[in-house]
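J.: Here it is, the structure in full.
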Amino acid sequence: MYGYNTRTNKVKKFFVLIILMAFVSVSSIYIYKMYEKIDVKEYDIQRTSNVEKIFIENEENEKTEKTIEEAANCIVGISKVKNTGVSIFNIDSVEDLGLGSGFIISDNGYIITNWHLVRDKYSSCYVTLVNGETSSGTVVWADKDLDLAIVKINAKGLDYLTLGNTDNLKLGENVYAIGNPIGVEFQRTVTAGIISGLNRTIKIEDEFGESYMEGLIQTDATINQGNSGGALINKSGEVIGVNTIKVTTAEGIGFAVPINIIKPVIDSFINNGKFEEAYLGIFAYDKEAVRYVNSDLQLETGIYVASITKDGGASKTDLKVGDIITKIDEKNINKMSELREYIYTKKPGDEIKLTILRNKKEKEITVNLGKK
(Lines give C-alpha, C1' and ligand atoms only; values in the text may rest on other atoms or scores of the structure.)
Protein backbone atom coordinates (compact mmCIF):
# COMPACT_ATOMS: atom_id res chain seq x y z
CA MET A 1 0.00 0.00 0.00
CA TYR A 2 2.79 2.38 0.94
CA GLY A 3 4.72 1.63 -2.28
CA TYR A 4 1.68 2.32 -4.47
CA ASN A 5 1.05 5.74 -2.91
CA THR A 6 4.68 6.72 -3.35
CA ARG A 7 4.58 5.95 -7.07
CA THR A 8 1.33 7.91 -7.49
CA ASN A 9 2.83 10.99 -5.82
CA LYS A 10 5.90 10.86 -8.04
CA VAL A 11 3.71 10.74 -11.16
CA LYS A 12 1.68 13.74 -9.95
CA LYS A 13 4.85 15.78 -9.23
CA PHE A 14 6.20 14.92 -12.65
CA PHE A 15 3.06 16.21 -14.42
CA VAL A 16 3.02 19.39 -12.28
CA LEU A 17 6.65 20.05 -13.17
CA ILE A 18 5.88 19.57 -16.88
CA ILE A 19 2.97 22.03 -16.65
CA LEU A 20 5.11 24.65 -14.87
CA MET A 21 7.88 24.34 -17.44
CA ALA A 22 5.36 24.74 -20.25
CA PHE A 23 3.85 27.82 -18.55
CA VAL A 24 7.27 29.41 -18.10
CA SER A 25 8.21 28.73 -21.72
CA VAL A 26 4.96 30.18 -23.07
CA SER A 27 5.29 33.23 -20.81
CA SER A 28 8.87 33.82 -21.91
CA ILE A 29 7.90 33.69 -25.58
CA TYR A 30 5.01 36.11 -24.98
CA ILE A 31 7.16 38.60 -23.10
CA TYR A 32 9.85 38.46 -25.78
CA LYS A 33 7.29 39.17 -28.53
CA MET A 34 5.92 42.11 -26.56
CA TYR A 35 9.41 43.51 -26.01
CA GLU A 36 10.10 43.41 -29.77
CA LYS A 37 7.17 45.80 -30.28
CA ILE A 38 8.47 48.39 -27.77
CA ASP A 39 10.17 51.44 -29.38
CA VAL A 40 13.36 51.85 -27.41
CA LYS A 41 15.01 55.30 -27.93
CA GLU A 42 18.76 55.53 -27.90
CA TYR A 43 20.53 58.45 -26.26
CA ASP A 44 24.12 59.57 -26.52
CA ILE A 45 25.50 59.50 -23.02
CA GLN A 46 28.69 61.32 -22.14
CA ARG A 47 30.34 60.79 -18.80
CA THR A 48 31.68 63.82 -17.01
CA SER A 49 34.26 63.87 -14.33
CA ASN A 50 35.97 66.28 -11.98
CA VAL A 51 39.16 65.73 -13.94
CA GLU A 52 37.55 67.10 -17.14
CA LYS A 53 36.05 70.04 -15.24
CA ILE A 54 39.41 70.94 -13.74
CA PHE A 55 41.04 70.66 -17.19
CA ILE A 56 38.48 73.07 -18.70
CA GLU A 57 38.90 75.55 -15.84
CA ASN A 58 42.69 75.44 -16.15
CA GLU A 59 42.44 75.98 -19.90
CA GLU A 60 40.18 79.01 -19.39
CA ASN A 61 42.50 80.41 -16.72
CA GLU A 62 45.52 80.03 -19.01
CA LYS A 63 43.64 81.80 -21.81
CA THR A 64 42.69 84.68 -19.50
CA GLU A 65 46.25 84.98 -18.20
CA LYS A 66 47.62 85.16 -21.74
CA THR A 67 45.00 87.76 -22.69
CA ILE A 68 45.91 89.95 -19.70
CA GLU A 69 49.62 89.62 -20.40
CA GLU A 70 49.12 90.73 -24.01
CA ALA A 71 46.94 93.63 -22.88
CA ALA A 72 49.55 94.77 -20.35
CA ASN A 73 52.06 95.17 -23.19
CA CYS A 74 49.80 97.88 -24.62
CA ILE A 75 49.83 99.96 -21.42
CA VAL A 76 52.15 102.99 -21.45
CA GLY A 77 53.49 105.41 -18.88
CA ILE A 78 52.48 109.06 -19.19
CA SER A 79 54.56 111.90 -17.75
CA LYS A 80 54.91 115.64 -18.19
CA VAL A 81 58.63 115.35 -17.37
CA LYS A 82 61.09 113.17 -19.29
CA ASN A 83 63.14 110.42 -17.61
CA THR A 84 62.16 111.31 -14.07
CA GLY A 85 63.13 107.98 -12.54
CA VAL A 86 60.41 108.69 -10.02
CA SER A 87 60.44 106.59 -6.88
CA ILE A 88 57.57 105.45 -4.69
CA PHE A 89 59.40 107.03 -1.74
CA ASN A 90 58.54 110.46 -3.09
CA ILE A 91 54.93 110.65 -1.95
CA ASP A 92 54.02 113.62 -4.16
CA SER A 93 55.78 112.37 -7.28
CA VAL A 94 52.74 111.02 -9.10
CA GLU A 95 50.68 114.16 -8.65
CA ASP A 96 53.47 116.74 -9.06
CA LEU A 97 54.97 115.27 -12.22
CA GLY A 98 51.74 114.14 -13.84
CA LEU A 99 52.77 110.50 -13.80
CA GLY A 100 50.06 108.13 -14.90
CA SER A 101 48.94 105.61 -17.45
CA GLY A 102 47.60 105.34 -20.96
CA PHE A 103 46.95 102.61 -23.49
CA ILE A 104 47.65 102.21 -27.20
CA ILE A 105 44.62 102.08 -29.53
CA SER A 106 46.32 101.93 -32.95
CA ASP A 107 49.49 100.55 -34.48
CA ASN A 108 50.62 104.03 -35.49
CA GLY A 109 50.70 105.56 -32.02
CA TYR A 110 47.33 106.90 -30.90
CA ILE A 111 46.98 106.61 -27.12
CA ILE A 112 44.08 107.15 -24.71
CA THR A 113 44.69 108.71 -21.29
CA ASN A 114 43.12 111.15 -18.80
CA TRP A 115 42.83 114.88 -19.37
CA HIS A 116 44.11 115.64 -15.87
CA LEU A 117 47.42 113.95 -16.77
CA VAL A 118 48.19 115.76 -20.02
CA ARG A 119 45.85 118.75 -19.98
CA ASP A 120 44.60 120.55 -23.09
CA LYS A 121 44.92 120.03 -26.83
CA TYR A 122 48.38 120.74 -28.34
CA SER A 123 50.15 120.31 -25.00
CA SER A 124 53.04 117.83 -24.84
CA CYS A 125 53.95 114.86 -22.68
CA TYR A 126 56.28 111.86 -22.62
CA VAL A 127 55.15 108.30 -23.31
CA THR A 128 57.07 105.24 -22.13
CA LEU A 129 56.43 101.99 -23.99
CA VAL A 130 56.73 98.43 -22.68
CA ASN A 131 60.27 98.13 -24.09
CA GLY A 132 61.39 101.12 -22.04
CA GLU A 133 61.58 103.48 -25.00
CA THR A 134 60.34 107.02 -24.27
CA SER A 135 58.74 109.14 -27.00
CA SER A 136 57.44 112.69 -27.12
CA GLY A 137 53.68 112.87 -27.40
CA THR A 138 51.26 115.58 -28.50
CA VAL A 139 47.70 115.89 -27.20
CA VAL A 140 45.52 115.90 -30.33
CA TRP A 141 42.16 115.90 -28.53
CA ALA A 142 41.03 116.55 -24.97
CA ASP A 143 37.81 116.96 -23.01
CA LYS A 144 38.02 118.23 -19.43
CA ASP A 145 34.43 117.29 -18.57
CA LEU A 146 35.04 113.66 -19.55
CA ASP A 147 38.59 113.69 -18.16
CA LEU A 148 39.76 112.07 -21.40
CA ALA A 149 42.48 112.87 -23.91
CA ILE A 150 44.08 111.35 -27.00
CA VAL A 151 47.85 111.54 -27.41
CA LYS A 152 49.81 110.87 -30.62
CA ILE A 153 53.39 109.63 -30.77
CA ASN A 154 55.49 109.02 -33.88
CA ALA A 155 55.55 105.22 -34.10
CA LYS A 156 54.63 102.28 -36.30
CA GLY A 157 53.84 98.61 -35.81
CA LEU A 158 52.73 98.93 -32.18
CA ASP A 159 50.58 96.37 -30.40
CA TYR A 160 47.24 97.90 -29.47
CA LEU A 161 44.07 97.10 -27.55
CA THR A 162 40.68 96.27 -29.06
CA LEU A 163 37.74 98.38 -27.93
CA GLY A 164 34.74 96.63 -26.39
CA ASN A 165 31.07 97.60 -26.22
CA THR A 166 29.85 99.21 -23.00
CA ASP A 167 26.20 98.89 -24.01
CA ASN A 168 26.33 95.19 -23.05
CA LEU A 169 27.94 95.41 -19.60
CA LYS A 170 26.44 93.39 -16.74
CA LEU A 171 26.74 93.74 -12.97
CA GLY A 172 29.13 91.16 -11.58
CA GLU A 173 31.08 90.82 -14.82
CA ASN A 174 34.79 90.13 -14.28
CA VAL A 175 37.08 93.04 -15.16
CA TYR A 176 40.78 93.88 -14.85
CA ALA A 177 42.37 97.29 -14.30
CA ILE A 178 45.89 97.74 -15.72
CA GLY A 179 48.07 100.74 -15.04
CA ASN A 180 51.12 102.22 -13.34
CA PRO A 181 50.21 102.87 -9.69
CA ILE A 182 52.46 105.02 -7.47
CA GLY A 183 55.54 105.06 -9.74
CA VAL A 184 57.71 103.23 -12.22
CA GLU A 185 58.49 100.42 -9.76
CA PHE A 186 54.96 99.06 -10.13
CA GLN A 187 54.34 99.69 -13.81
CA ARG A 188 51.69 97.60 -15.58
CA THR A 189 50.12 96.36 -12.37
CA VAL A 190 46.99 94.25 -12.89
CA THR A 191 44.14 94.24 -10.37
CA ALA A 192 41.05 92.08 -10.70
CA GLY A 193 37.46 92.73 -9.72
CA ILE A 194 33.91 92.94 -10.95
CA ILE A 195 31.58 95.60 -12.29
CA SER A 196 29.99 96.87 -9.08
CA GLY A 197 27.71 99.48 -10.61
CA LEU A 198 26.71 101.16 -13.86
CA ASN A 199 25.74 104.72 -14.82
CA ARG A 200 27.18 106.20 -11.63
CA THR A 201 27.27 109.97 -11.07
CA ILE A 202 29.91 111.52 -8.80
CA LYS A 203 30.67 115.05 -7.69
CA ILE A 204 34.22 116.34 -8.21
CA GLU A 205 35.73 119.22 -6.26
CA ASP A 206 39.30 120.17 -7.16
CA GLU A 207 41.46 123.16 -8.06
CA PHE A 208 39.44 123.55 -11.26
CA GLY A 209 36.19 124.01 -9.36
CA GLU A 210 33.11 121.88 -8.90
CA SER A 211 31.90 119.48 -11.57
CA TYR A 212 30.03 116.24 -12.06
CA MET A 213 30.92 113.07 -13.92
CA GLU A 214 28.08 110.78 -14.90
CA GLY A 215 27.54 107.50 -16.72
CA LEU A 216 30.60 105.99 -15.02
CA ILE A 217 31.43 102.31 -14.55
CA GLN A 218 32.00 101.41 -10.89
CA THR A 219 34.43 98.60 -10.08
CA ASP A 220 36.08 97.07 -7.03
CA ALA A 221 39.26 96.37 -9.01
CA THR A 222 41.83 98.44 -7.13
CA ILE A 223 42.59 101.80 -8.78
CA ASN A 224 45.42 103.80 -7.17
CA GLN A 225 47.16 107.04 -8.05
CA GLY A 226 49.02 106.42 -11.28
CA ASN A 227 46.37 103.98 -12.50
CA SER A 228 44.58 106.99 -13.98
CA GLY A 229 44.35 106.74 -17.75
CA GLY A 230 44.92 102.99 -17.74
CA ALA A 231 42.58 100.45 -19.28
CA LEU A 232 39.70 98.61 -17.69
CA ILE A 233 39.34 95.42 -19.74
CA ASN A 234 36.98 92.44 -19.80
CA LYS A 235 38.06 88.80 -19.82
CA SER A 236 38.39 88.93 -23.62
CA GLY A 237 40.98 91.69 -23.33
CA GLU A 238 38.68 94.36 -24.78
CA VAL A 239 38.76 97.87 -23.35
CA ILE A 240 35.47 98.80 -21.73
CA GLY A 241 36.61 101.84 -19.77
CA VAL A 242 39.33 104.35 -18.95
CA ASN A 243 40.30 104.32 -15.25
CA THR A 244 39.83 107.79 -13.88
CA ILE A 245 39.15 108.16 -10.15
CA LYS A 246 38.62 106.37 -6.85
CA VAL A 247 36.73 107.14 -3.65
CA THR A 248 39.42 107.74 -1.04
CA THR A 249 37.04 107.43 1.91
CA ALA A 250 36.07 103.85 1.07
CA GLU A 251 37.77 100.66 -0.07
CA GLY A 252 37.04 99.00 -3.39
CA ILE A 253 35.18 101.87 -5.08
CA GLY A 254 36.79 103.05 -8.29
CA PHE A 255 35.41 104.47 -11.52
CA ALA A 256 36.10 104.30 -15.24
CA VAL A 257 34.74 106.32 -18.16
CA PRO A 258 32.88 104.03 -20.61
CA ILE A 259 34.84 103.69 -23.84
CA ASN A 260 31.75 104.01 -26.06
CA ILE A 261 31.58 107.74 -25.35
CA ILE A 262 34.64 108.53 -27.46
CA LYS A 263 34.52 105.74 -30.04
CA PRO A 264 33.48 108.20 -32.80
CA VAL A 265 36.46 110.40 -31.92
CA ILE A 266 38.86 107.45 -31.94
CA ASP A 267 37.50 106.12 -35.25
CA SER A 268 37.92 109.53 -36.88
CA PHE A 269 41.56 109.87 -35.81
CA ILE A 270 42.48 106.32 -36.83
CA ASN A 271 40.70 106.51 -40.21
CA ASN A 272 41.27 110.16 -41.12
CA GLY A 273 44.15 111.34 -38.93
CA LYS A 274 41.98 114.16 -37.57
CA PHE A 275 38.72 114.95 -35.83
CA GLU A 276 36.58 118.01 -36.51
CA GLU A 277 34.58 118.44 -33.34
CA ALA A 278 31.05 119.77 -33.69
CA TYR A 279 29.99 122.04 -30.86
CA LEU A 280 26.51 122.31 -29.36
CA GLY A 281 27.70 124.54 -26.54
CA ILE A 282 25.67 123.42 -23.53
CA PHE A 283 26.19 121.62 -20.27
CA ALA A 284 23.36 119.57 -18.80
CA TYR A 285 22.71 117.29 -15.83
CA ASP A 286 20.95 113.94 -15.78
CA LYS A 287 18.46 112.96 -13.07
CA GLU A 288 21.24 111.59 -10.84
CA ALA A 289 23.40 114.72 -10.97
CA VAL A 290 20.61 117.29 -10.88
CA ARG A 291 19.78 116.47 -7.26
CA TYR A 292 23.16 117.90 -6.28
CA VAL A 293 22.38 121.14 -8.11
CA ASN A 294 18.72 121.62 -7.14
CA SER A 295 17.16 119.26 -4.62
CA ASP A 296 13.71 120.66 -5.41
CA LEU A 297 13.92 119.75 -9.09
CA GLN A 298 12.34 116.41 -9.98
CA LEU A 299 13.67 115.06 -13.26
CA GLU A 300 12.15 111.81 -14.51
CA THR A 301 13.44 111.85 -18.07
CA GLY A 302 15.83 113.84 -20.24
CA ILE A 303 18.69 116.13 -19.17
CA TYR A 304 18.47 119.53 -17.48
CA VAL A 305 20.20 122.40 -19.32
CA ALA A 306 22.44 124.09 -16.72
CA SER A 307 24.49 126.42 -18.93
CA ILE A 308 24.79 127.64 -22.52
CA THR A 309 28.08 128.97 -23.89
CA LYS A 310 28.21 132.05 -26.09
CA ASP A 311 30.21 130.46 -28.91
CA GLY A 312 28.19 127.25 -29.36
CA GLY A 313 25.44 126.47 -31.83
CA ALA A 314 22.79 126.44 -29.08
CA SER A 315 23.43 130.12 -28.24
CA LYS A 316 21.91 131.15 -31.58
CA THR A 317 18.59 129.42 -30.82
CA ASP A 318 15.70 129.74 -28.39
CA LEU A 319 17.17 127.11 -26.03
CA LYS A 320 17.19 128.36 -22.43
CA VAL A 321 18.75 127.36 -19.11
CA GLY A 322 16.16 125.25 -17.31
CA ASP A 323 14.92 123.50 -20.45
CA ILE A 324 14.86 119.71 -20.35
CA ILE A 325 16.20 117.98 -23.49
CA THR A 326 14.39 114.68 -24.03
CA LYS A 327 15.42 113.84 -27.60
CA ILE A 328 18.01 114.66 -30.22
CA ASP A 329 16.96 113.80 -33.78
CA GLU A 330 14.25 111.49 -32.32
CA LYS A 331 16.86 109.67 -30.21
CA ASN A 332 15.91 109.55 -26.51
CA ILE A 333 18.44 111.30 -24.27
CA ASN A 334 18.73 110.68 -20.53
CA LYS A 335 22.43 111.37 -19.91
CA MET A 336 24.87 114.10 -20.88
CA SER A 337 27.23 111.33 -22.05
CA GLU A 338 24.60 110.12 -24.54
CA LEU A 339 24.31 113.64 -25.91
CA ARG A 340 28.10 113.95 -26.24
CA GLU A 341 28.41 110.56 -27.93
CA TYR A 342 25.80 111.56 -30.51
CA ILE A 343 27.32 115.00 -31.16
CA TYR A 344 30.73 113.34 -31.72
CA THR A 345 29.23 111.59 -34.76
CA LYS A 346 28.37 114.97 -36.34
CA LYS A 347 30.45 117.61 -38.10
CA PRO A 348 30.53 121.41 -37.67
CA GLY A 349 27.65 122.93 -39.63
CA ASP A 350 25.39 119.86 -39.34
CA GLU A 351 21.80 120.51 -38.36
CA ILE A 352 20.19 118.69 -35.43
CA LYS A 353 16.74 118.83 -33.86
CA LEU A 354 16.27 119.00 -30.09
CA THR A 355 13.01 118.05 -28.45
CA ILE A 356 12.65 119.88 -25.15
CA LEU A 357 10.25 120.32 -22.26
CA ARG A 358 9.65 123.88 -21.05
CA ASN A 359 7.01 124.49 -18.39
CA LYS A 360 5.84 120.92 -19.02
CA LYS A 361 5.15 121.71 -22.69
CA GLU A 362 7.01 119.99 -25.53
CA LYS A 363 8.85 122.08 -28.09
CA GLU A 364 11.28 121.43 -30.96
CA ILE A 365 14.39 123.52 -31.59
CA THR A 366 16.66 123.29 -34.64
CA VAL A 367 20.39 123.86 -34.04
CA ASN A 368 23.24 124.34 -36.50
CA LEU A 369 26.29 122.89 -34.76
CA GLY A 370 29.32 125.12 -34.36
CA LYS A 371 33.01 124.17 -34.39
CA LYS A 372 34.92 123.67 -31.16
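J.: What number comes out for accessible area per residue over the stretch 115-237 if the probe is 1.4 Å? Units Å², please.
T.: 46 Å²
J.: Moving to a separate point now. Quick one: what are the phi-derived ³J(HN,Hα) couplings along the stretch 164-169, Karplus 6.51/-1.76/1.60 with θ = phi - 60°, whole Hz, x for glycine and proline?
T.: x, 10, 7, 6, 9, 5
J.: Search the structure for amide H atoms under 5 Å from the amide H of Gly102, placed 1.01 Å from N in the peptide plane, and list their residues when 5 or more places away or on another chain.
T.: Val76, Ile78
J.: How high is the relative contact order of the stretch 258-331, in percent, with contacts defined as C-alpha pairs under 8 Å that are six or more residues apart?
T.: For the stretch 258-331, the relative contact order is 27 percent.
J.: In nanometres, what is the gap between the two model label sites at Ser307 and Ile18, each 7 Å from Cα along Cα-to-Cβ?
T.: It is 11.6 nm.
J.: Same structure, new question: Could I have the simple spin-label model distance between Ser106 and Asn332, label points 7 Å from Cα toward Cβ, reported in nm to one decimal?
T.: So the label points at Ser106 and Asn332 sit 3.5 nm apart.
J.: Given the Cα-Cα distance of Glu351 and Val321 and 0.36 nm per residue of separation, how much length would full extension add, in nm?
T.: 8.7 nm
J.: Moving to a separate point now. Please list Met21, Met336 from largest to smallest accessible area, probe radius 1.4 Å, with all protein chains kept in place.
T.: Heavy-atom accessible area, descending, gives Met21, Met336.
J.: Continuing with the same structure: Keeping every protein chain present and rolling a 1.4 Å probe, give me the accessible area per residue for the stretch 282-372 in Å².
T.: Computed with neighbouring chains in place, this is 56 Å² per residue.
J.: Put Ser211, Ser337 in order of accessible area, largest first, 1.4 Å probe: what do you get?
T.: Ser211, Ser337
J.: Taking every pair of alpha-carbon atoms in the stretch 213-335, what share in percent sits in each 5 Å bin, from 0 to the bin with the longest distance?
T.: Result, from short to long distances: 2, 9, 14, 16, 17, 18, 14, 8, 3, 0 percent.
J.: Pop the C-beta distance of Val130 and Asn61 into the FRET formula with R0 = 22 Å and round what comes out to the nearest 0.05.
T.: The value I calculate is 0.40.
J.: Separate question: Order of 150-163, 286-299 by packing, highest average Cβ count within 10 Å first?
T.: Descending packing order for the listed peptides: 150-163, 286-299.
J.: Once you have the Cα-Cα distance between Lys203 and Ser236, take 0.36 nm times their residue separation minus that, and quote the gain in nm to one decimal.
T.: Stretched out fully, the Lys203 to Ser236 stretch lengthens by 8.7 nm.
J.: Too long at a 27 Å Cα-Cα cut-off: which of Lys80/Lys235; Lys66/Lys203; Lys80/Lys144; Lys121/Lys353; Lys144/Lys310?
T.: Checking Cα-Cα distances, Lys80/Lys235; Lys66/Lys203; Lys121/Lys353 exceed 27 Å.
J.: May I ask you to compute the full-extension gain from Ser123 to Val81, defined as 0.36 nm times their residue separation minus their alpha-carbon distance, rounded to one decimal in nm?
T.: Answer, rounded to one decimal: 13.9 nm.
J.: For the stretch 253-341, with all protein chains present and a 1.4 Å probe, just round the carbon and sulfur fraction of the accessible area to a whole percent.
T.: It is 43 percent, rounded to a whole number.
J.: Calculate, for Leu171 and Tyr292, the FRET efficiency according to 1/(1 + (r/R0)^6) with r their C-beta to C-beta distance and R0 22 Å; round to the nearest 0.05.
T.: With a Förster radius of 22 Å, E is 0.40.
The values are calculated or read from the model by the stated rules, or taken from the named source; none is laboratory data. These numbers were taken from a predicted model, which means no experiment stands behind them. All Cβ positions, glycine included, derive from the backbone under ideal geometry; neighbour counts span all protein chains shown. Just the protein is used for accessible areas: all its heavy atoms, side chains included, with ligands, DNA and RNA removed. Shrake-Rupley method; radii C 1.70, N 1.55, O 1.52, S 1.80 Å.
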